[in-house]
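The values are calculated or read from the model by the stated rules, or taken from the named source; none is laboratory data. Just so you know, these numbers come straight off a predicted model, no measurement behind them. Note that we place each Cβ from the backbone using ideal geometry, even for glycine, and neighbour counts take in every protein chain shown.
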Amino acid sequence: MTGIAVLVATLVAGVVAGVVMRHRNGRPRSERKERAPVTGDDLGAELGERATLVQFSTAFCQPCRATRRILGEVAAMVPGVRHVEIDAEARLDLVRRFDVLRTPTVLVLDGSGDIVTRASGQPRKADVIAALGAAVDRPSHRSSQPSDKV
Amino acid sequence: MHIDPRGPRFGAAITTLLLAAVLVTGSPWLLAVQTIVFSLGAFHSSPYVAVYRRYVRPRLGPPRELEDPRPPRFAQGVGLVFATVGLIGFAAGITPLALGATAVALLAAFLNAAFGFCLGCEMYLMIRRLQPGRTQ
């Protein structure tokens, strides 16, 4: 009897969790936390002139391959945009710094390296293009007035 | 070599049914069967996926996208851990442990079968984050 109750509870929890996760998965959210801008040195790769798509991946990540393909296509389509893929396991420092909890996580950086948007889970191509549009249009306040602060 | 992602998902559906049967019947033997399947999946290849390849795959079209075999293999390892804990619960007569661990494994299998989410894979980075970091 207890077993049947546990079964029903587990399946209900599974349906609720599945629906919530499906809704939130890959959906871009604006970055709320103020952070120091990301530099090319941080990533070990050159940033895009207008925007950068930073993808965190691991080997044990099913949707990372499809995400790589989508971001690669978008970066090839829009001039001045680069796609940088980070091996999360090799760069746990960045994983902690940017509060990355899952892979793939995609950070959309504007031209000055500020994180504009993030998405965890495989994003849809249209969402990536929209987020990129917002990042490219953003006035790059930082590049125009260089700061001495670290 | 990349794999047809529908194979592991088919396996997750069978796993869901089997683990549901464990909860309904309270049979440690059924859980033992699933534990063996998890170990085969983690260290060799899953018999459920073999069934998929032999009987289901020929009736379907080619997959839209191929996938890395490592994530589902890792997830089978996570399933193995929970199934083993469940077996220990049955053996020691600790029913909440037996049912709880079986329920966690069932939840993961169900999310994979019904929604295509790999809970075991999602846990991977969380686990790695807890370990001391190397920097390049």
So which helices (runs of 4 or more DSSP H) are wholly in region B:20-92 and hold at least 3 residues that are within 12 Å of chain A (Cβ to nearest Cβ) and closer than 25 Å to A:Thr103 by Cα? B:70-92
Taking A:Ala36 as meeting all but one of (1) away from every other protein chain (no Cβ under 14 Å); (2) over 25 Å from A:Ile129 (Cβ atoms); (3) modelled with pLDDT of 95 or more, write down the number of the exception. (3)
The listed residue being under 27 Å from B:Gly116 (Cα atoms), in contact (Cβ under 8 Å) with a residue 40 or more places away in the chain and not hydrophobic (A, V, I, L, M, F, W, C), out of A:Thr52, A:Thr67: A:Thr67
Residue list for region B:64-94, restricted to those being closer than 20 Å to A:Thr2 by Cα and either in contact (Cβ under 8 Å) with a residue 12 or more places away in the chain or of a type in the set (A, V, I, L, M) (or both): B:Phe82, B:Ala83, B:Val85, B:Gly86, B:Leu87, B:Ile88, B:Gly89, B:Phe90, B:Ala91, B:Ala92, B:Ile94
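Could you list all residues from region B:59-88 that are farther than 19 Å from A:Phe60 by Cα and over 19 Å from the mean Cα position of the chain (by Cα)?
Within region B:59-88, B:Arg59, B:Leu60, B:Gly61, B:Pro62, B:Pro63, B:Arg64 meet the criteria.
Looking at the structure I just gave you, is A:Thr67 in contact with a Lys or Arg (Cβ under 8 Å, 6 or more places away or on another chain) and either under 23 Å from B:Arg129 (Cα atoms) or away from every other protein chain (no Cβ under 12 Å) (or both)?
No.
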